[in-house]
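One structure is given below, encoded as structure tokens.
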Protein chains: 2
Amino acid sequence: MSAPIDFYFDFSSPYGYLASEQIEALAARHGRAVMWHAIVLDAQFQPQGGVKIPLALLRTEYARRDCERSAAFLGIPYKTPTPYPVHTEHAARVFQWLSDRNPDEARAFAHGVFRAYFVEGRNIAEVAVLLEIAATLGLDREEVSNAFSDLATKARLKAEIDLAEARGVFGSPFFIVEGEGFWGPDRLAQLERWLETGPF
Amino acid sequence: MSAPIDFYFDFSSPYGYLASEQIEALAARHGRAVMWHAIVLDAQFQPQGGVKIPLALLRTEYARRDCERSAAFLGIPYKTPTPYPVHTEHAARVFQWLSDRNPDEARAFAHGVFRAYFVEGRNIAEVAVLLEIAATLGLDREEVSNAFSDLATKARLKAEIDLAEARGVFGSPFFIVEGEGFWGPDRLAQLERWLETGPF
């Protein structure tokens, strides 16, 4: 099997959510696996270029409309969340902890978190909400709860973010396949061409 | 005939160039006219949201690669220009001056400027280069030259930029059709769906 597609996302990223609903089908069409990586694009994040899309841009009326229209265009359920953005450190920690145990469970958890925030309007910064999502997946509530406060889990996420920065990731969603980076859900068509024809 | 598509662009915008090579064919498929508007996204530009894509982002290695790859994906000739970015005030002034006289000539001039910069690697900040482009279109060299220093032409461009800001334009390319804004060449598919089906 060919190299997997690395998929980096922040749980509060609307475009990350839209990509999360498309990437597996795209990869399956070309016999590729997807490695999901939760990162946190907050003040600690210092991408190589030293540039992030300013948060204010994502708060504008245009951005709100663009997310809603893009979701409608793609046929993906979407409701503008409030509050926005939210802290995603806890969700990302649980995701990475699960990912090391069982990637399929982690992926199901990621879908659950994204949909809770961007479809059901629940506040995914709240530990209680994350525990509910985990419970619906049949995960042990106490075990998940312990993961929040575990120093090892915190360090695990930090390492994931450091690695993402070192690989040139600076936004969400961000894809890497065979060393080539693709930023944003609007690059899925180019990513698919890459899988079909190789570098162009 | 239905309402035209307003197409806003800055001559130093690579994504504006890519859009300039696609918008007329898209509009023609749906019986729409395109109104071209040259604007200048410099320090004077204060969009309503107060946010611009930081210049540094467009200088990153990722952005360089993304422009080259996007052009290859679309089958549009493209060569990363140097210097980048350049001042586009003169080019925009000539464009708007022409536009008021003859929109077809103005469109031809815009294509000439974009291609000179993004295909031939010429510095479109230089008046001599702009005069050469105008000359190849059969325009009177002296008349064009006078337009650079004409206070009326300067005020004309300023008014165009003020109007763009008032309409919520904050980047290049930016399209408006029937009051709906679309930012970036990646929104052409959504713009086309809008023309096909109406609001979604």
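The values are calculated or read from the model by the stated rules, or taken from the named source; none is laboratory data. The model shown is predicted, which means the values in this text are computed figures rather than measured ones. When we count neighbours, we look across all protein chains shown, and the Cβ atoms used for this are built from the backbone with ideal geometry, even at glycine. Please note that ligands, DNA and RNA were not included when accessible areas were found on the heavy atoms of the full protein model with its side chains. Shrake-Rupley method; radii C 1.70, N 1.55, O 1.52, S 1.80 Å.
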Q: Place a +1 charge on the Cβ of each Lys and Arg in the protein assembly as shown and a -1 charge on the Cβ of each Asp and Glu, then give the dipole magnitude about the Cα centre in debye, rounded to the nearest 20.
A: 40
Q: Could you run the Karplus curve 6.51 cos²θ - 1.76 cosθ + 1.60 with θ = phi - 60° over the stretch A:193-200 and give me ³J(HN,Hα) per residue in whole Hz, x for Gly and Pro?
A: 4, 4, 5, 6, 10, x, x, 9
Q. Working out 0.36 nm times the residue gap between A:Glu180 and A:Ser2, then minus their Cα-Cα distance, what length gain in nm do you get to one decimal?
A. 62.6 nm
Q | Cα gyration tensor shape of the protein assembly as shown, rounded if a/c is under 1.5, else prolate or oblate by comparing a/b with b/c | A | prolate
(Q) Given a Förster distance of 60 Å, report the FRET efficiency between A:Ala155 and B:Lys154 from their Cβ-Cβ distance, rounded to the nearest 0.05. (A) 0.55
(Q) Name the chain A residue nearest the rotation axis between A and B, going by Cβ position, and give the distance in whole Å. (A) A:Asp186, 2
Q. Going through the stretch A:146-189, which GluC sites (Glu not before Pro) have at most 13 other Cβ atoms within 10 Å and a DSSP loop state?
A. A:Glu178
Q.
For A:Glu142, place a label point 7 Å from Cα along the Cα-to-Cβ direction in every copy; what are the distances to the other copies, in nm, shortest first?
A. 9.4
**Q.** Candidate aspartates and glutamates for bridging to A:Lys79, where Cα separation is under 18 Å - those fewer than 8 sequence places away on the same chain excluded
**A.** A:Asp10, A:Glu21, A:Glu61, A:Asp66, A:Glu68, A:Glu120
Q: Place a +1 charge on the Cβ of each Lys and Arg in chain B and a -1 charge on the Cβ of each Asp and Glu, then give the dipole magnitude about the Cα centre in debye, rounded to the nearest 20.
A: 400
Q | Residues losing 10 Å² or more accessible surface upon assembly, the stretch B:58-97, compared with the chain by itself, 1.4 Å | A | B:Thr60, B:Tyr62, B:Arg65, B:Asp66, B:Arg69, B:Ser70, B:Ala72, B:Phe73
Q | Helical mean residue ellipticity (222 nm; -39500 (n - 2.57) per DSSP H run of 4+; nearest 500) of the protein assembly as shown | A | -16000 deg cm²/dmol
Q.
Over the stretch B:72-157, what is the relative contact order in percent, taking alpha-carbon pairs closer than 8 angstrom and at least six residues apart?
A. 36
Q) Shortest first, in nm, what separates the label point of B:Gly75 from those of the same position in the other copies (7 Å along Cα→Cβ)? A) 2.6
Q. Percent relative contact order of chain A, based on C-alpha pairs within less than 8 angstrom and at least six residues apart?
A. 32
Q.
Given R₀ = 41 Å, what would the calculated FRET efficiency be for B:Ala33 paired with A:Glu196, taking r from the Cβ atoms and rounding to 0.05?
A. 0.70
Q: Determine the shape class of the stretch A:5-197: with a ≥ b ≥ c the square roots of the Cα gyration tensor eigenvalues, call it rounded for a/c under 1.5, and otherwise prolate if a/b is greater than b/c, oblate otherwise.
A: rounded
Q: Evaluate the relative contact order of the stretch B:134-200 (contact order divided by residue number), counting alpha-carbon pairs under 8 angstrom at least 6 apart; express in whole percent.
A: 13
Q) So for the pair B:Glu142, A:Glu126, with labels modelled 7 Å out along Cα→Cβ, what separation do we get in nm? A) 7.7
